[in-house]
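Asks: Got a structure for you, written out below as structure tokens; questions coming shortly.
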Amino acid sequence: MSANTNAPLSAPAPLPRLVPKRRTVNQARYEQLQDGQRNPLNGGQFSPEYSSIRSGFRGLPASQHYCDSSKDVVIVQGATGSGKTTQLPKAALFNELDHPRMVVVTQPRKLPTRELAQRLAVELDVNVGEEVGYSCKDERQLTIGRTKLLFVSDGTLLKKMVTDRTLRDVACVIVDECHERSVDSDIVLALLQKLRKESTRADLKIVCMSATGDMHKLKSHFEVDDRSVVSLPGHTFPVQIYHSNGPVSDYIAAARDRVANHVLHGSGDVLVFLPGQDDCIDLLSHLRGHLAPHLVQVSLLLLYRDLPVAEQSMVFEPTPNLRKIVLATNIAETSLTLADLKLVIDTGLAKVAQYDAANGMDRLLLSPISKASATQRAGRVGRTSPGTVMRLYTAAQYAQFETHTRPAILRSPFTETLLKLTVHGVRSMAEVSLPDNPTGPQLANASEELRALCLRDGQGSLTALGRQVRGMPVDPKPQIRLLEPDPVPGCGAGISGWSDHVTALSAFEAWRQNAHFLSVEACKEAERLRSRLENEMQSVQIPLIRADFDDPLYNERLGRAIVAGLFWNIAVKADAYSWQVKRSPGQVCTLDRNSLVSGDTGMVVFSENDPRAVLRMVTDIHPDW
Ligand code: CDP
Ligand code: MG
């Protein structure tokens, strides 16, 4: 379906509101502005290099179709490579040339946020940090009052909206890659729709873009019809997609063989999508061995979230005499263009955050990707020349993939989302609508839990404690444990018979000091989470106190910290074998047989009450704790 150029303007809203008439540049003007003598952004002369850069992106389809739409909400669907991410923000920017307000473009990840600002600065012939800037978690380059096109991560836009709810200095928000459905991007969509329905920012233009998103969902979320949908024609070079003939059991070996074959017999760069950071490192060492005689011709590069920025950026540096082999996680799945890419190898797997009730945190689980993700991965080739995609899964396996990536909001309890909404002044779910809303019981549980944790009060407002914990990367319960003024468990516990939690902590510490009897993957994950939490605590200036093992009060201090995090889950002994959970009177539970805890104090806290009423991860507590 194509954009309806003669569509009438949307009906006037019932309330009197000041809606300045929106200027729209047409396609001819859009091209003209970029082909003139002077830079439309700052009136300066274009640099001598500009004309050759300009010829690289002239006439991409995105701008034309977008320019024709005068809707307040535009939902853009266009194949990967059609120019959504790079051309459309410019069209939006040229619409606002006479206004002092910015165009803000969100990205689900930090790497493309920075990279796109750099690319757009080149296309607009300005320096990053001046007319074009970016801002993500711990990095920003922008000039207030001068920056007119700003790339941000979803999380950063949310942070901005805490203090600037109406986005005073923003004319247009473009939510890119909205198929990703992270908690943050869903909340962004909810808050934007809320703002749109209020009379204060009726002039705000909202654009959602994706190659693979669920357009029906977006249309109903924004309460718009087909006239708001802009479909872009494809603009890619031919791409051949091959599936494997049979199921692949060892994806590292399979990827290694495909890469080696391509290095020997093919041309151009290779991008391999692997589920996790460890897989990338693993494949790197395999390839070093396998390609030993050819290492002088190739540059083996890693690309995952926790890699330092300088190393991440190496994938974009031109290497005229070396062929790049990039081993990446799904961080490279969206918004990126690698100039000489000829082959994508896709394992069809990703590590997906899955809520683990036992410890109240997300765990990364190896899972098949969605069809939408597979399309995004394939869409990294064919952007600057023809390319090939080798899928390490069969066509039949592909057919079993879910169409869209399951929204993160539906994969975990609603507590975290409700806390985030509360941070944004949402007191009741009647005030907002998410693309996917929680069920009644999910919502009731979440609000009850936030209240019990003293994070949200009876009126639905954030408490002082709530303000401190917002932004931490785990479920609120374990956060409280870290925030309690009592000392926080740090290092060096002995194995003990009173607490499964302390036992787990001791085992983790033993692993840190080189023991090998635990799941390395789980420990590494715990280690990463710990360091993220430490950073967050530092950033909100909460002191990290390490408990001293020689302290006679060591157990008590740890015990108190555990109770502070789990007081919600208290059980008291009913008789020799059964326990009664305070929160659900009437339910008789037993302790997990694997628990080391004696239960002698007659009162425990637990992490999980499983469907068979077995309490798991238990700690003996004293009533005065
Ligand atoms: O967002 P979408 O996938 O629709 O496309 P895009 O990221 O805007 O890129 C459109 C086209 O611009 C790509 O297919 C490339 O041909 C070109 N491009 C490029 O050559 N170098 C970049 N760094 C970015 C885009
Ligand atoms: Mg894009």
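Asks: Let me confirm something: among Ala339, Ala374, which residue is touching a strand residue (DSSP E or B) at 6+ places or on another chain (Cβ under 9 Å), small (Gly, Ala, Ser) and part of a loop (DSSP other than H, G, I, E, B)?
Replies: After ruling out the rest, the residue left standing is Ala339.
Conditions (1) in contact with a Pro (Cβ under 9 Å, 6 or more places away or on another chain); (2) within 10 Å of ligand 1 (Cβ to nearest atom), marked per residue:
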site: Tyr66; (1), (2): no, no
site: Ser70; (1), (2): no, no
site: Pro89; (1), (2): no, yes
site: His99; (1), (2): yes, no
site: Thr106; (1), (2): no, no
site: Arg119; (1), (2): no, yes
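Asks: Related question: Quick one: which residue in Asp176, Asp184 is within 16 Å of ligand 2 (Cβ to nearest atom) and at pLDDT 90 or above?
Replies: When all the criteria are applied, what remains is Asp176.
Asks: Does any residue of segment 555-574 turn out to be in a strand (DSSP E or B) and farther than 27 Å from Arg451 by Cα?
Replies: The answer is no, given that none of the residues of segment 555-574 is in a strand (DSSP E or B) and farther than 27 Å from Arg451 by Cα.
Asks: List, please: which pairs have Cβ atoms under 9 Å, are six or more places apart or on different chains, and start with a residue in segment 198-227 that is under 25 Å from Glu96 (Cα atoms) and in contact (Cβ under 8 Å) with a residue 40 or more places away in the chain and end with one that is away from ligand 1 (no atom under 16 Å from the Cβ) and of a type in the set (Phe, Trp, Tyr)?
Replies: Ile206/Phe222; Cys208/Phe222
Asks: If you go through segment 127-142 one residue at a time, do you hit one that is among the hydroxyl-bearing types (Ser, Thr, Tyr) and away from ligand 2 (no atom under 16 Å from the Cβ)?
Replies: Looking through segment 127-142, at least one residue is among the hydroxyl-bearing types (Ser, Thr, Tyr) and away from ligand 2 (no atom under 16 Å from the Cβ).
Asks: Looking at this structure, is Asp154 open to solvent by less than 30 Å² (accessible area, probe 1.4 Å) and away from ligand 2 (no atom under 16 Å from the Cβ)?
Replies: no
Asks: Does Leu418 satisfy the condition of being more than 16 Å from ligand 2 (Cβ to nearest atom) and either within 24 Å of Val315 (Cα to Cα) or of a type in the set (Lys, Arg) (or both)?
Replies: no
Asks: Just to be sure before I move on: is Pro61 within 13 Å of ligand 1 (Cβ to nearest atom), modelled with pLDDT under 95 and open to solvent by less than 10 Å² (accessible area, probe 1.4 Å) in the structure I sent?
Replies: Taking the combined requirement at face value, the residue does not satisfy it.
Asks: Do the conditions hold for Lys84, that is, is it open to solvent by 10 Å² or more (accessible area, probe 1.4 Å), within 15 Å of ligand 1 (Cβ to nearest atom) and on the phi < 0 side of the Ramachandran plot?
Replies: yes
Asks: Restricting to segment 564-609, give me the number of residues that are without any contact (Cβ under 8 Å) to a residue 24 or more places away in the chain and open to solvent by less than 20 Å² (accessible area, probe 1.4 Å).
Replies: Of the residues in segment 564-609, 1 are without any contact (Cβ under 8 Å) to a residue 24 or more places away in the chain and open to solvent by less than 20 Å² (accessible area, probe 1.4 Å).
Asks: Still on this model: Please note which strands (runs of 3 or more DSSP E) are completely contained in segment 187-248 and include at least 1 residues that are within 16 Å of ligand 1 (Cβ to nearest atom), open to solvent by 10 Å² or more (accessible area, probe 1.4 Å) and not hydroxyl-bearing (Ser, Thr, Tyr).
Replies: Per the criteria, 229-232, 239-243.
The values are calculated or read from the model by the stated rules, or taken from the named source; none is laboratory data. Note that the structure is predicted; figures quoted are calculated from it, not measured. Virtual Cβ from ideal backbone geometry, glycine too; neighbours counted across all protein chains shown. For the accessible areas, the whole protein counts, side chains as well, though only heavy atoms, and no ligand, DNA or RNA atoms are used. Shrake-Rupley method; radii C 1.70, N 1.55, O 1.52, S 1.80 Å.
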